[in-house]
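Working notes, structure below.
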């Protein structure tokens with residue numbers, strides 16, 4: 001639900017005054033290496049907004065903490081120990097907007113690497129302020145975290161070696177299959193094995209790279225995951241990419257969003273507005289072309305993954321709804 005542009009006064013002014021008084025002490029002491037003038041400007045900016053625990057934390061620390069991924073190509077992954085990717089670029093656009101709102105042009109950005117298994121707990125426990133990676137907005141996660149407007153829609157399928165002859169899920173019966181631990185894909189795969197009596201042996205890998213390695217080394221006959229991530233791992237194989245294919249009917253259609261802590265509508269609205277503005281202005285389409293239709297680091301691979309009609313519809317009508 002979108003918040004109106006004009007907010008009603010919030011009742012807990014005492015908490016705000018206490019937080020701002022604490023910030024003034026930090027400013028006078030030069031805490032976190034920020035100048036007193038810089039903190040004072042940030043305090044003034046916060047004072048003009050309804051209370052936001054996340055923005056207050058960012059001002060106090062002089063930094064925003066982003067959750068990043070190691071191998072979610074091309075969304076959020078590491079090149080020369082630095083995060084890059086489609087989702088990471090969106091996170092940086094949010095950072096730019098927060099710098100403007102808080103009058104903090106020198107706001108530091110701290111990157112914390114998360115995995116599929118721990119990313120939600122890192123958000124819940126205040127270890128990261130914003131996670132823009134490859135996290136599906138599914139209804140079962142709503143009680144734990146808040147999600148931004150969606151920035152990608154996709155299906156869940158499988159990567160296989162062409163020579164294996166596997167083309168759909170019935171072909172997997174009594175075989176070993178890899179997926180990534182802590183994902184909605186893992187849950188669906190286990191349920192499908194039960195429902196269809198496939199008797200799958202499931203490898204729950206630490207990350208996508210490890211899961212694809214199981215396929216590559218023939219420890220698994222398939223890697224079940226979000227189809228753009230499958231295309232990303234195959235593209236990394238260079239000349240050997242022709243040995244693999246993405247196949248199978250989609251187990252489900254889902255959407256990625258940025259994760260943040262619940263109960264902070266002011267911060268969520270900033271993130272939502274950045275994503276919506278990018279989508280409506282055409283900036284998101286250009287960003288999509290950069291990461292899905294052109295050579296990307298580190299080796300100039302090209303996913304050659306055209307934008308789907310569902311993605312075009314999302315960009316025309318930004319929203320934070322679940323697809324499942």
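Some values worked out for this structure:
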{"read-out": "Residue exposure sequence - 202, 166, 275 - by fewest surrounding Cβ within 10 Å", "value": "202, 166, 275"}
{"read-out": "Fraction in percent of alpha-carbon pairs per bin - 10 Å, the stretch 154-254", "value": "17, 57, 24, 1"}
{"read-out": "Hydrodynamic radius (Kirkwood) for the stretch 81-240, which is based on Cα pairs only, to one decimal in Å", "value": "17.5 Å"}
{"read-out": "Förster-model FRET efficiency, 45 Å R0, residue 283 and residue 197, C-beta, rounded to 0.05", "value": "0.40"}
{"read-out": "For the stretch 258-286 and the stretch 188-218, distance of Cα centres in Å", "value": "33 Å"}
{"read-out": "Approximate spin-label separation residue 310-residue 213, in nm, with each point projected 7 Å along Cα-to-Cβ", "value": "3.0 nm"}
{"read-out": "Computed E for residue 321/residue 100 - FRET, C-beta separation, R0 30 angstrom, nearest 0.05", "value": "0.60"}
{"read-out": "Simple spin-label estimate for residue 206 and residue 241 in nanometres, 7 Å along Cα-Cβ", "value": "2.7 nm"}
{"read-out": "Sorted by Cβ neighbour density within 10 Å, fewest at the top, the residues 119, 101, 241", "value": "241, 101, 119"}
{"read-out": "Fewest-first ranking of 259, 104, 188, using other Cβ atoms within 10 Å as the exposure measure", "value": "188, 104, 259"}
{"read-out": "Residue 187 versus residue 117: modelled label distance in nm, points set 7 Å from Cα along the beta carbon direction", "value": "1.8 nm"}
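Any read-out appearing in this document is the output of simple, stated calculations on the displayed coordinates, not a laboratory observation. For clarity, every value in this text was computed on a predicted model and none was experimentally measured. Glycine also receives a Cβ, built like all others from the backbone with ideal geometry; neighbour counts cover every protein chain displayed.
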